[in-house]
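So the structure is just underneath, and the comments pick up after that.
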Amino acid sequence: MTAAPLDPLSKRRLKAWIRLLSVTRQTESRLRERLRVEHGTTLPRFDVMAALWRFHDGLTMSELSRALLVSNGNATVIVDRLEREGLVRRTPMESDRRTVQVKLTAQGKQMFDSMAMDHESEVNRLLGNLDAQDLEQLRAILLKANAQET
């Protein structure tokens with residue numbers, strides 16, 4: 001059986017993917033370090049708090065896990081720690097006491113607001129070489145790359 005000839009852009013697309021992955025990993029590594037040094041926290045904790053901040057009414061543990069693309073177990077470990085620190089509160093749902101809703105506490109909101117401002121500032125610094133036109137082109141390219149065939 002003979003393999004079909006590769007698309008002539010195949011190697012260039014592979015190199016683009018490797019570059020994209022490299023930039024993502026480097027940026028994420030710097031953001032992780034910044035959160036650790038400046039805020040004494042981790043990126044997964046920041047992500048949980050960000051998801052809860054976006055949903056002011058709270059999320060069930062299942063909704064939180066889906067939003068973060070992690071298992072319920074992984075989300076539970078992080079929420080347990082945040083709850084012990086008084087940053088989130090778990091409340092059983094009145095409609096189904098087996099289902100627990102998680103919300104940021106006032107202290108958690110205040111802490112997240114501080115971290116989010118610093119996070120945005122650091123992302124701005126890390127991507128500071130990109131001007132408005134670059135950002136628009138990048139957005140358009142990523143949207144195009146993410147388009148799924150139906």
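Since every read-out is calculated from the coordinates, none of them should be taken as a lab result. The shown structure was predicted, so the numbers you read here are calculated from the model rather than taken from an experiment. As a convention, Cβ positions derive from the backbone with ideal geometry for all residues, glycine included, and neighbour counts pool all protein chains shown.
Can you run phi through the Karplus equation (6.51, -1.76, 1.60; θ = phi - 60°) for segment 99-114 and list ³J(HN,Hα) in whole Hz, with x for Gly and Pro?
The phi angles translate into 8, 10, 9, 10, 9, 6, 7, 4, 5, x, 4, 5, 5, 5, 3, 5 Hz.
Using packing as a proxy for protection, rank 123-131, 73-81 so that the peptide with the highest average count of other Cβ atoms within 10 Å comes first.
Working: 123-131: 10.9, 73-81: 16.3.
Peptide ranking by packing, descending: 73-81, 123-131.
At 0.36 nm per residue, minus the direct Cα-Cα distance, what do E33 and D131 gain on full extension? Give it in nm, one decimal, please. Let's see the in-between values first.
On the way: separation 98, 0.36 × 98 = 35.28 nm, distance 2.52 nm.
32.8 nm is the gain from fully extending E33 to D131.
From the helices alone, meaning DSSP H stretches of at least four residues, give me the mean residue ellipticity at 222 nm for the chain, per-run term -39500 (n - 2.57), in deg cm²/dmol to the nearest 500. Could you put the intermediate results ahead of the total?
Details: 6 runs with 99 residues, N = 150.
Dividing the helical sum by the residues of the chain leaves -22000 deg cm²/dmol.
For T60, which sequence-distant residues (separation of 5 or more, or a different chain) have an amide H within less than 5 Å of its own amide H, given hydrogens modelled in the peptide plane?
V102
Step through the residues of segment 59-76 one at a time and calculate ³J(HN,Hα) from phi using the Karplus curve (6.51 cos²θ - 1.76 cosθ + 1.60, θ = phi - 60°), rounding each to whole Hz and writing x for Gly and Pro.
Per residue, the Karplus-derived 3J(HN,Hα) values read 9, 6, 4, 5, 4, 5, 4, 5, 4, 9, 6, 10, 6, 4, x, 5, 5, 4 Hz.
Which ³J(HN,Hα) values, rounded to whole Hz and listed in residue order, are derived for segment 124-141 from phi using the Karplus coefficients 6.51, -1.76 and 1.60 in 6.51 cos²θ - 1.76 cosθ + 1.60 with θ = phi - 60°, glycine and proline given as x?
4, 5, 5, 9, x, 6, 8, 8, 4, 5, 4, 5, 5, 5, 4, 4, 4, 5
With the crude spin-label approximation of a point 7 Å out along Cα→Cβ, what separation in nm comes out for N124 versus A140?
It works out to 2.5 nm between the two label points.
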